[in-house]
Amino acid sequence: MNTRQILIYIGVIIFSIYFLFPLYILILVAFNSPKYTIFSLYPSLLLQAPTLSNLIIGLTQYNFVEPFLRSLGTATLVGVLSIALGIPAGLGLSRLSYKIAYPITLLLLITNMMPSISIAVPIAAEFIRAHLFNTIPGLALAQTLITLPLATFILEGTFSAIPLEIEYQARLDGASVFQALWRILIPMAAPGIVAAFLISWMFSWDEFTFAVILMPITPTLPVEIYYNITRGDMLAAVAFSLIFTIPVVVITLLLQKYLRGEYLAGGIKR
Amino acid sequence: MTIQLIDITKSYGNHVVLNGITQEIEDGEFFVILGPSGEGKSTLLKVIAGIERPDKGKIIVNGKDMTNLPPEKRNIAMVFQNYALYPNMSVYDNIAFPLKMRKMKKEEIKERVMRVAKLLGIQDILDKNVLKISGGQQQRVAIARALVRDPVFFLLDEPLSNLDARTRFVARGELKRIQKEVGKTFIYVTHDQKEAMSLATRIAVLHKGKFEQVGKPLDLYEYPKTKWVAQFIGDFPMNFLPGNYIGEDPNVEVGFRPEWTELGSGIKAVVDSMEAFGESLYLFCTVDEKFKVILPSKEWHDVGDVVKFEIKKYRKYKDGVLSE
Ligand SMILES: Nc1ncnc2c1ncn2[C@@H]1O[C@H](COP(=O)(O)OP(=O)(O)OP(=O)(O)O)[C@@H](O)[C@H]1O
Ligand SMILES: [Mg+2]
């Protein structure tokens, strides 16, 4: 191993510690007796007295199932909406000339930079009138506002990597526009579609601003955790956070091959 | 079955690619469209296939106007330069795809796929993924997919250009055999004049958006209609000299193939370089420090040597056009 590699490894280790340390604290608080963690002035960094009672108290005292299911429903709806709208949008953009497609993509991504808080309030006002306030479809629609440009960008890149001749070939072989899309283009774009779905899903899963403003009465899991903390119930918050993290870890591990950079390069590679 | 192209015109922006092509293609012909890169050969095929719309003009097949039909309704088979195989499918499924789109029964699909697979010698790779086979095999799969479904006619866009020289030579012979066997019209695009000469029943030379000359390979070689065609067709371009060199009107140019000359006596030329081509040697010479000519030779000559040659056969060109 040469010095260069050693330096890279040291860098990777520092980087990983930086990101994993908060997660370690979460696990520590969850499984350590509270007197060594939240009740101590100088909390220990080691597992002193392992216990499951924190979790048992946290999860039996409060109902976490419903917020969990609401989060799950919202995130899944956001993922589905993002790819259902992102596929035609991305395909369309990928077939336009670069001179036209580029400004449109740029515009989409700029809209994305709008602070959520400044659009959440007018949306809430409209949603109350439209009976979408405090509903899963309502929240999902608002979150899709942020995920759709990203999904479109990813899918535009995916579709423009497919040679036009393949689509022509399908048409000449007797497929209609829709059949060519369904039988050839979508299967070929599958990795990009999965990546777009996951990014949207994960964004919605821990989205907070829209969630707290548009669905405050029956909240999603991140908002529920926040309520617990403001109520002073740290242990419940920790238990919920753990539950909250598990799906993300599982999904990331299962689908990590789709989350490699190449599918996320989007319209950049031309 | 005849294919009629009537005044086909197509521009991209203000770049006119096809400028009024009118041509009839006969039943069972091996019709080769020949032209240098970027002249619009692929564009013409796409227009015939219905992928691109012509700005003007008509495509009539068997008396039926196809100009406004979408590609899937035309029943034309096409092989693209990059083969356009479906990477998400096996070899078998690629070949079966056009039949599935026609809602054919499973057993019949299987029978037909097996038949073309045998014709092309690819029975052993039917289960493989199309990305995991060689370029020559991919080319056969693309041709199999075109053959499997009984199209009205075939369009082939430089299907051999991605193959190495040896495989290409074999594939060329095979294509010709297949065309004879199915007995249908092939419209074949290439920029390789040699390929065109060996395959075609007729060649159309595409230049500046028009068919500059359409004819049998030998006619194109013997009587090129324009100077441009004369220099494009043949292993070496045709030589040109002003008429006065052989006692003709000085306003005409005389064009002659290298083989139409004989070294010995006559016009003086200075050797610039030599090239061995097949069995023969060719001298690249200059006449009167102005006109480049290529002459076949039996012996080696040094650079700077002066040789003399006679023109045994020639054609007359006036303003770049064959006059006779
Ligand atoms: N979609 C398009 N938009 C704009 N210009 C195009 C388009 N397709 C082709 N062209 C232009 O039209 C001309 C003809 O292209 P075409 O692909 O038909 O040439 P070709 O004869 O097939 O060349 P090659 O032998 O390199 O394949 C080229 O100058 C090309 O740049
Ligand atoms: Mg081409």
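The values are calculated or read from the model by the stated rules, or taken from the named source; none is laboratory data. From a predicted model like this one, the values you see are computed outputs, not experimental measurements. A quick note on method: Cβ atoms are made from the backbone with ideal geometry, for glycine too, and the neighbour counts reach across all protein chains shown. Surface areas here come from the heavy atoms of the whole protein model, side chains and all, with no ligands, DNA or RNA. Shrake-Rupley method; radii C 1.70, N 1.55, O 1.52, S 1.80 Å.
Just checking, which of B:Val205, B:Val214, B:Val229 is within 16 Å of ligand 2 (Cβ to nearest atom), farther than 30 Å from B:Arg112 by Cα and away from chain A (no Cβ under 14 Å)?
Details: B:Val214 fails: within 16 Å of ligand 2 (Cβ to nearest atom); B:Val229 fails: within 16 Å of ligand 2 (Cβ to nearest atom).
Step by step, each of B:Val205, B:Val214, B:Val229 is checked, and only B:Val205 is within 16 Å of ligand 2 (Cβ to nearest atom), farther than 30 Å from B:Arg112 by Cα and away from chain A (no Cβ under 14 Å).
Name the one entry in A:Leu150, A:Leu107 that is assigned by TED's automatic domain parsing to the domain that holds A:Leu221, of a type outside the set (Asp, Glu) and loosely packed, with under 14 Cβ neighbours inside 10 Å.
Working: A:Leu150 fails: loosely packed, with under 14 Cβ neighbours inside 10 Å.
Testing whether each residue is assigned by TED's automatic domain parsing to the domain that holds A:Leu221, of a type outside the set (Asp, Glu) and loosely packed, with under 14 Cβ neighbours inside 10 Å leaves just A:Leu107.
Considering each of A:Ala175, A:Ala195, A:Ala151, A:Ala180 in turn, give the residue that is within 30 Å of B:Phe97 (Cβ to Cβ) and not in a helix (DSSP H, G or I). Break it down stepwise before answering.
Working: A:Ala195 fails: not in a helix (DSSP H, G or I); A:Ala151 fails: not in a helix (DSSP H, G or I); A:Ala180 fails: not in a helix (DSSP H, G or I).
Result of the check over A:Ala175, A:Ala195, A:Ala151, A:Ala180: A:Ala175.
Is it fair to say B:Tyr282 is in the same structural domain as B:Met197 (by TED's automatic domain parsing), under 28 Å from B:Leu199 (Cα atoms) and not charged (D, E, K, R)? It would help to see each step written out before you state the result.
Working: in the same structural domain as B:Met197 (by TED's automatic domain parsing): no; under 28 Å from B:Leu199 (Cα atoms): yes; not charged (D, E, K, R): yes.
Criteria not met by B:Tyr282.
Residue by residue, here is whether (1) modelled with pLDDT under 95; (2) over 15 Å from the mean Cα position of the chain (by Cα); (3) within 14 Å of chain B (Cβ to nearest Cβ) holds:
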site	(1), (2), (3)
A:His131	yes, yes, no
A:Ala140	no, no, no
A:Ala161	yes, yes, yes
A:Leu164	yes, yes, yes
A:Val177	yes, yes, yes
A:Arg183	yes, yes, yes
A:Met188	yes, yes, yes
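Within region A:166-175, can you find the residues that are within 8 Å of another protein chain (Cβ to nearest Cβ) and of a type in the set (D, E, K, R)?
Let us first name the residues in region A:166-175 that are within 8 Å of another protein chain (Cβ to nearest Cβ), namely A:166, A:168-175.
The answer is A:Arg171, A:Asp173.
Out of the residues in region B:54-98 that are open to solvent by 20 Å² or more (accessible area, probe 1.4 Å) and assigned to a strand (DSSP E or B), which is nearest to A:Asp173 (Cα to Cα)?
Taking the candidates together, the pick is B:Ser90.
Give B:Ile48, B:Ile59, B:Ile76, B:Ile95 a once-over and let me know the one that is within 16 Å of ligand 2 (Cβ to nearest atom) and in the same structural domain as B:His207 (by TED's automatic domain parsing). Show your work before the answer.
Numbers: B:Ile59 fails: within 16 Å of ligand 2 (Cβ to nearest atom); B:Ile76 fails: within 16 Å of ligand 2 (Cβ to nearest atom); B:Ile95 fails: within 16 Å of ligand 2 (Cβ to nearest atom).
Of B:Ile48, B:Ile59, B:Ile76, B:Ile95, the one residue that is within 16 Å of ligand 2 (Cβ to nearest atom) and in the same structural domain as B:His207 (by TED's automatic domain parsing) is B:Ile48.
How many of the residues making up region B:161-202 are among the hydroxyl-bearing types (Ser, Thr, Tyr), more than 16 Å from ligand 2 (Cβ to nearest atom) and within 13 Å of the chain's Cα centre (by Cα)? It would help to see each step written out before you state the result.
Of the residues in region B:161-202, the ones among the hydroxyl-bearing types (Ser, Thr, Tyr) are B:161, B:167, B:185, B:188, B:190, B:198, B:201.
When the remaining residues are screened for being more than 16 Å from ligand 2 (Cβ to nearest atom), the result is B:167, B:185, B:198, B:201.
Going one step further and asking which of them are within 13 Å of the chain's Cα centre (by Cα), we end up with B:198, B:201.
Selection size over region B:161-202: 2.
Taking B:Ile51 as the residue in question, decide whether it is buried (at least 20 other Cβ atoms within 10 Å of the Cβ), closer than 20 Å to B:Gln213 by Cβ and either within 16 Å of ligand 1 (Cβ to nearest atom) or away from chain A (no Cβ under 14 Å) (or both). Lay out the reasoning, then the answer.
Details: buried (at least 20 other Cβ atoms within 10 Å of the Cβ): yes; closer than 20 Å to B:Gln213 by Cβ: no; either within 16 Å of ligand 1 (Cβ to nearest atom) or away from chain A (no Cβ under 14 Å) (or both): yes.
So B:Ile51 fails the test.
Inspect region B:22-34 for any residue being more than 22 Å from B:Gly183 (Cβ to Cβ) and either away from ligand 2 (no atom under 16 Å from the Cβ) or aromatic (Phe, Trp, Tyr) (or both) and give the result as yes or no. If you could, list the steps in order and put the result at the bottom.
Quick first cut of region B:22-34, residues more than 22 Å from B:Gly183 (Cβ to Cβ) only: B:22, B:34.
Subset that is either away from ligand 2 (no atom under 16 Å from the Cβ) or aromatic (Phe, Trp, Tyr) (or both): B:22.
Yes, there is a match, as at least one residue in region B:22-34 is more than 22 Å from B:Gly183 (Cβ to Cβ) and either away from ligand 2 (no atom under 16 Å from the Cβ) or aromatic (Phe, Trp, Tyr) (or both).
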